[in-house]
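As structure tokens, the structure follows; a few thoughts come after it.
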Amino acid sequence: MSGGREQRRAALETALDQRILVLDGAMGTMIQRHRLEEADYRGQRFAGWPSDVKGNNDLLSLTRPDLIAAIHADYLAAGADIVETNTFNSTRISLADYGMEELARELNEAGAALARKAADAWTEKTPQRPRWVAGALGPTNRTASISPDVNDAGARNITFDGLRTAYREAVEGLIAGGCDLLLVETVFDTLNAKAALFAIDEAFESLGVRLPVMVSGTITDLSGRTLSGQTPEAFWNSVRHARPLAIGLNCALGASQLRAHVAELARVADTRVCAYPNAGLPNEFGGYDEVAETTAAFIGEWAEAGLVNIVGGCCGTTPDHIAAIAAAVAGKPPRTPASVPPALRLSGLEPFMLAS
């Protein structure tokens, strides 16, 4: 596994220098198409579980691995170079909603193994175009920076160490399952992301392995800020110390609304930029109506403008969207990372730079 992983990492770096890579689309959207019931989520193993588990999509890596593997295969067939593991909520923090905290390590390892098998199968089919697995680390359902109580600004429902411990367990499972890189995604609270990055470094040191890391934030509305209040540049300043393979944005907005914020990251980031928007904004029923060709046209323009290195889709996107996106960026050169002069760069809600 170790030798294979190093070869895949070298191939990934080479590919990123040559072309714009394509990330897959939404896992949840594809799962919803199957209209699963409680029994589908439970399977035989969890038939007697004391609480409802419908909606725990990550559990399907254990109870319906055939379905998850098929979704990975559909995205790879559509043109995805990188598939994400079905582990967005596989921390003991998020799994507490179902009383399944003790499954965290197992879910991460199983989710990674399913994606690894699918990616390897496609690499074998097209050896000139290898495929990779990104271990998905979601934001959890807690926030370390914001009080859950409007009457107590100092209240918190999670600590940094609580996040760090949960993320480390998830990371170790993802690495054991065979991931090529780790993706700290849908970051709405930068302090949560910092806990994830700290945990990743701890796991790397303990296991004697180091994988590329990507970080993707979420601009929560048209204000152009994350939920914890940071602008894209301030967010970049906050996580740049981790030397990520790519920094980016995903979720919350469609490609039309996200464009300016992607451009801002492209202006300041001396690493690669990744962006995977929703299929437009949600309709009144919470669904997404933007067709594949529309999403792809926006992302094709990003590529033309030299803004991106990795693109894909988030909520509402399907293999059709990924196929259209892959076609839209094919043959277009990847963005060249920004060249930034040495300076002291800090951030609160806004960026601050003290030039030398």
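The values are calculated or read from the model by the stated rules, or taken from the named source; none is laboratory data. Fair warning: this is a prediction, and the values are worked out from it, not measured in the lab. With ideal geometry, Cβ positions are generated from the backbone for all residues, glycine too; neighbour counts draw on all protein chains shown.
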Exercise. Answer yes if at least one residue in segment 110-123 is among the hydroxyl-bearing types (S, T, Y), modelled with pLDDT of 95 or more and within 28 Å of V53 (Cβ to Cβ), and no otherwise.
Key: no
Quiz item: Would you pick out the residues in segment 58-69 that are of a type outside the set (S, T, Y) and surrounded by 14 or more Cβ atoms within 10 Å (Cβ to Cβ)?
Solution: D58, L59, L60, L62, R64, P65, L67, I68, A69
Quiz prompt | One residue from L227, L265, L253 being crowded, with 19+ Cβ neighbours inside 10 Å, in a strand (DSSP E or B) and at negative phi | solution = L253
Quiz item: Taking L183 and the conditions (1) in contact with a Gly (Cβ under 8 Å, 6 or more places away or on another chain); (2) part of a helix (DSSP H, G or I), which numbered condition does it fall short on, given that it satisfies the others?
Solution: (2)
Self-check item: Close pairs from segment 69-83: first among the charged types (D, E, K, R), partner surrounded by fewer than 24 Cβ atoms within 10 Å (Cβ to Cβ) and assigned to a helix (DSSP H, G or I), Cβ under 8 Å, at least 6 apart
Solution: D74/M30; D74/P319; D81/A15
Exercise. Filter segment 285-299 down to the residues that are outside any helix (DSSP H, G or I) and of a type outside the set (F, W, Y), then identify the one that is surrounded by the fewest Cβ atoms within 10 Å (Cβ to Cβ).
Key: G286
Exercise. Please work out if T165 is of a type in the set (S, T, Y), modelled with pLDDT of 95 or more and surrounded by 23 or more Cβ atoms within 10 Å (Cβ to Cβ).
Key: no
Quiz item: In this structure, does V150 turn out to be over 18 Å from the mean Cα position of the chain (by Cα) and of a type in the set (V, I, T)?
Solution: yes
Quiz item: Do we have any residue at all in segment 305-323 that's touching a strand residue (DSSP E or B) at 6+ places or on another chain (Cβ under 9 Å), among the charged types (D, E, K, R), crowded, with 17+ Cβ neighbours inside 10 Å and modelled with pLDDT of 95 or more?
Solution: no
Exercise. Evaluate segment 40-57: report whether one residue or more is assigned to a helix (DSSP H, G or I), touching a Lys or Arg at 6+ places or on another chain (Cβ under 8 Å) and crowded, with 21+ Cβ neighbours inside 10 Å.
Key: yes
Quiz item: Counting only residues that are of a type outside the set (K, R) and part of a loop (DSSP other than H, G, I, E, B), which one in segment 230-250 is nearest to G348 (Cα to Cα)?
Solution: Q230
Practice problem: Look through segment 118-146, keep the residues that are within 16 Å of N108 (Cα to Cα) and among the small types (G, A, S), and return whichever of them is surrounded by the fewest Cβ atoms within 10 Å (Cβ to Cβ). | Solution: G138
Quiz prompt | Selection count, segment 302-347, where residues are part of a loop (DSSP other than H, G, I, E, B), touching an Asp or Glu at 6+ places or on another chain (Cβ under 8 Å) and hydrophobic (A, V, I, L, M, F, W, C) | solution = 2
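Condition check ((1) within 22 Å of H321 (Cβ to Cβ); (2) touching a residue at least 60 places away in the same chain (Cβ under 8 Å); (3) touching a Leu at 6+ places or on another chain (Cβ under 7 Å)) across all residues:
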| site | (1), (2), (3) |
| --- | --- |
| R225 | no, yes, no |
| N250 | yes, yes, no |
| G254 | yes, no, yes |
| Q257 | yes, no, yes |
| A260 | yes, no, no |
Quiz prompt | Residue that is hydrophobic (A, V, I, L, M, F, W, C), surrounded by fewer than 24 Cβ atoms within 10 Å (Cβ to Cβ) and free of Cβ contacts under 8 Å to residues at least 40 places away in the same chain, where the choices are A113, A96 | solution = A96
Quiz item: Somewhere in segment 267-279, is a residue modelled with pLDDT of 95 or more and farther than 22 Å from T190 by Cβ?
Solution: yes
Quiz prompt | Cβ pairs under 8 Å, 6+ apart, first in segment 153-170 and closer than 14 Å to I200 by Cβ and in contact (Cβ under 8 Å) with a residue 24 or more places away in the chain, second polar (S, T, N, Q) and part of a helix (DSSP H, G or I) | solution = L163/N192; E169/N108; A170/N108
Quiz prompt | Candidates P282, P232, filtered to the one that is at pLDDT 95 or above and within 17 Å of T186 (Cβ to Cβ) | solution = P232
Quiz item: For segment 115-157, what are the residues that are under 14 Å from D180 (Cα atoms) and part of a helix (DSSP H, G or I)?
Solution: A115, R116, K117, A118, A119, D120, T123
Quiz item: For segment 202-224, how many residues meet the condition of being modelled with pLDDT of 95 or more and part of a loop (DSSP other than H, G, I, E, B)?
Solution: 7
Exercise. Kindly indicate whether G178 is at pLDDT 95 or above, surrounded by 20 or more Cβ atoms within 10 Å (Cβ to Cβ), of a type outside the set (K, R) and farther than 13 Å from R92 by Cβ.
Key: yes
